[in-house]
Amino acid sequence: MPVIVVANPKGGVGKSTLATNLAGYLARNGHGVMLGDIDRQQSSRDWLALRPGSLPAIATWEVQHGDVVRAPKGTTHAVLDTPAGLRGKRLDAVLKTADIVLVPLQPSIFDIRATHEFVRTVQSHKRGDSVRLGLVGMRVRDHTIAAEQLRSFLDQLGVPVLGFLRDTQNYVHLAARGITLWDVAPGRVDRDLAQWQPILEWIDR
């Protein structure tokens, strides 16, 4: 079962947006998807509570005795949404299960610095060579100084840059209804779907 972890120690970088839409894509393609939320804010779990039952199902953890959690029966793909400040033993536990780590970041100096340190931490981890690591720029406005600085930084990291998602209210409006880009008519979100394509191609390889 592929386990895709969405992580960055910096808060507010778009982890839940990335995780929920990725889960929506996998569900739309017929996979048995579990969206696990290990963030105290439980943003992804709250989002799941809003999701209409008529849409492709996305499951969450099954909690057993002693607060032991596991993927529900029938799960073929797991997406994990992680908290800010992920490090130490909690990071070790996440990386033990991860096949892919997606690192979202926004075009700010604070995100860049936090991401640089986090990427190096993952790469130097004992499982660093076993995990596919990819970066995704979030809320990126084209033709801005901030966007160019972000691209310049990412070019120096030596980690695959999978794509850049634009700053749009589409994600906000969809999240408020528990839905994703793949749950609405493609014509409404065609620009966003096009930006996701290289990210999904890399994940599906």
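The values are calculated or read from the model by the stated rules, or taken from the named source; none is laboratory data. As the structure is a computational prediction, the values presented were derived from the model and not from experiment. As a convention, Cβ positions derive from the backbone with ideal geometry for all residues, glycine included, and neighbour counts pool all protein chains shown.
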Q.
Quick test for you: out of Ile112, Ile145, pick the one residue that is under 22 Å from Gly12 (Cα atoms) and buried (at least 16 other Cβ atoms within 10 Å of the Cβ).
A. Ile112
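Looking at Val103, Val161 in this structure, which one is surrounded by 14 or more Cβ atoms within 10 Å (Cβ to Cβ) and in contact with an Asp or Glu (Cβ under 8 Å, 6 or more places away or on another chain)? If you could, list the steps in order and put the result at the bottom.
Values: Val103 fails: in contact with an Asp or Glu (Cβ under 8 Å, 6 or more places away or on another chain).
Going through Val103, Val161 in turn, just one is surrounded by 14 or more Cβ atoms within 10 Å (Cβ to Cβ) and in contact with an Asp or Glu (Cβ under 8 Å, 6 or more places away or on another chain): Val161.
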**Q.** Residues located in the stretch 147-171, provided they are under 23 Å from Phe110 (Cα atoms), modelled with pLDDT of 95 or more and in a helix (DSSP H, G or I)
**A.** Tyr171
Q | Lone unmet requirement of (1) in a loop (DSSP other than H, G, I, E, B); (2) of a type outside the set (Ser, Thr, Tyr); (3) within 17 Å of the chain's Cα centre (by Cα); (4) at pLDDT 95 or above for Pro83 | A | (4)
Q: Could you please let me know if Val103 is under 14 Å from Val13 (Cβ atoms) and modelled with pLDDT of 90 or more?
A: yes
Q.
Can you tell me which condition Ala49 does not meet? The list is (1) at pLDDT 85 or above; (2) farther than 21 Å from Met1 by Cα; (3) in contact with a helix residue (DSSP H, G or I) (Cβ under 7 Å, 6 or more places away or on another chain), and all the others hold.
A. (3)
